[in-house]
Amino acid sequence: MDSNAEVLRDVFAALRVGDPDSAKATLKSRYPFVPVEKIVRRYSERLSMELFLRDGFIDVYTGNRLINPGVLRLLHVLLGDDFPAHPNWKASETHIAFWELFPTVDHLVPISRGGKDEKSNWVTASMLSNQAKAHWTVGELGWERHQPGATEEWDGLSQWLVDYLADPTVLEGAAEPHRGYIGRWLRATSAALQADAKRVEFRFNV
């Protein structure tokens with residue numbers, strides 16, 4: 001298999017002897033430009049939570065534990081500037097935890113590479129891993145895929161979120177965007193935890 005660096009070496013070799021047509025032909029045949037369409041997909045909090053619990057709230061590319069998005073935002077509400085969160089993820093105003101520990105839905109086989117946008121091709125990955133992987137495959141990056149964790153061992157502090165927000169006064173005084181965001185994740189978390197508990201119970205009773 002061609003090393004991409006070696007392909008460009010041969011392209012420059014052709015250019016050096018004044019043969020741009022050969023350089024172009026080498027590039028097109030051995031390292032062609034393949035445009036990648038940028039498609040933004042949004043998944044409901046409920047669908048996302050079901051996936052995160054399925055994977056045990058771990059980044060399948062690193063094996064690192066992740067945190068429920070509602071918990072991360074709640075920490076910002078409770079701790080303020082000590083745990084900053086910018087609405088547009090401005091790096092200079094957002095705690096690095098939102099990149100390292102925020103779970104996202106990633107496509108194991110990228111859509112741009114023929115992967116399907118369905119649960120069988122969805123995996124949990126941190127925001128950092130998701131952006132680093134982009135449209136490459138696990139094999140191309142030399143990454144390994146970690147097995148899902150068990151929610152009985154780690155649920156991303158999801159049950160903690162439900163228990164903590166059982167006190168309705170916790171969010172008093174919080175700005176509406178934060179309250180709405182946390183509320184959506186709380187509802188999704190409660191429903192997904194109930195479904196996951198039934199799944200675990202069924203697994204042990206089979």
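Set side by side, the residues 160, 122 differ, and just one is under 14 Å from the mean Cα position of the chain (by Cα), modelled with pLDDT of 90 or more and among the aromatic types (Phe, Trp, Tyr), which is 122. Taking every residue in segment 94-106 that is touching a residue at least 12 places away in the same chain (Cβ under 8 Å) and pairing it with any residue that is surrounded by fewer than 16 Cβ atoms within 10 Å (Cβ to Cβ) and not β-branched (Val, Ile, Thr), at least 6 positions away or on another chain, the pairs with Cβ-Cβ distances below 6 Å are 95/84; 105/43. Restricting the first member to segment 188-203 and to residues that are at pLDDT 95 or above, and the second to residues that are loosely packed, with under 14 Cβ neighbours inside 10 Å and not aromatic (Phe, Trp, Tyr), the beta-carbon pairs closer than 8 Å and six or more apart or on different chains are 188/44.
Residues checked against (1) small (Gly, Ala, Ser); (2) touching a helix residue (DSSP H, G or I) at 6+ places or on another chain (Cβ under 7 Å); (3) loosely packed, with under 13 Cβ neighbours inside 10 Å:
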| residue | (1), (2), (3) |
| --- | --- |
| 5 | yes, no, yes |
| 9 | no, no, yes |
| 17 | no, no, yes |
| 32 | no, no, yes |
| 42 | no, no, yes |
| 58 | no, no, no |
| 65 | no, no, no |
| 71 | no, yes, no |
| 86 | no, yes, no |
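Consider segment 167-201 and keep the residues that are closer than 15 Å to residue 156 by Cβ and not aliphatic (A, V, I, L, M). The one that is surrounded by the most Cβ atoms within 10 Å (Cβ to Cβ) is 189. Here the condition is being surrounded by 11 or more Cβ atoms within 10 Å (Cβ to Cβ) and within 21 Å of residue 117 (Cα to Cα); of 158, 129, it holds for 129 alone.
On the stretch given as segment 63-77, residues that are touching a Phe, Trp or Tyr at 6+ places or on another chain (Cβ under 6 Å), more than 18 Å from residue 47 (Cβ to Cβ) and part of a loop (DSSP other than H, G, I, E, B) total 0.
A quick yes/no check of all residues on (1) in contact (Cβ under 8 Å) with a residue 24 or more places away in the chain; (2) part of a loop (DSSP other than H, G, I, E, B); (3) touching a His at 6+ places or on another chain (Cβ under 6 Å):
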{"residue": "8", "(1), (2), (3)": "no, no, no"}
{"residue": "12", "(1), (2), (3)": "no, no, no"}
{"residue": "22", "(1), (2), (3)": "no, no, no"}
{"residue": "28", "(1), (2), (3)": "no, no, no"}
{"residue": "49", "(1), (2), (3)": "yes, no, no"}
{"residue": "53", "(1), (2), (3)": "yes, no, no"}
{"residue": "61", "(1), (2), (3)": "yes, yes, no"}
{"residue": "79", "(1), (2), (3)": "no, no, no"}
{"residue": "86", "(1), (2), (3)": "no, yes, no"}
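A single entry from 105, 138 fulfils the requirement of being at pLDDT 90 or above, surrounded by 15 or more Cβ atoms within 10 Å (Cβ to Cβ) and more than 17 Å from residue 66 (Cα to Cα): 138. Just checking, does segment 21-29 include any residue being at pLDDT below 95, at negative phi and exposed (fewer than 13 other Cβ atoms within 10 Å of the Cβ)? Looking through segment 21-29, at least one residue is at pLDDT below 95, at negative phi and exposed (fewer than 13 other Cβ atoms within 10 Å of the Cβ). Residues in segment 109-133 that are touching a residue at least 40 places away in the same chain (Cβ under 8 Å), in contact with a strand residue (DSSP E or B) (Cβ under 8 Å, 6 or more places away or on another chain) and farther than 22 Å from residue 89 by Cβ: 1 in all.
Scanning segment 88-118 for residues being among the small types (Gly, Ala, Ser) and either touching a helix residue (DSSP H, G or I) at 6+ places or on another chain (Cβ under 9 Å) or within 25 Å of residue 175 (Cα to Cα) (or both) gives a total of 4.
The values are calculated or read from the model by the stated rules, or taken from the named source; none is laboratory data. Here the structure is a predicted model, which is why all the values come from computation and not from measurement. Here the Cβ is made from the backbone with ideal geometry for all residues, glycine too, and neighbour counts use every protein chain on show.
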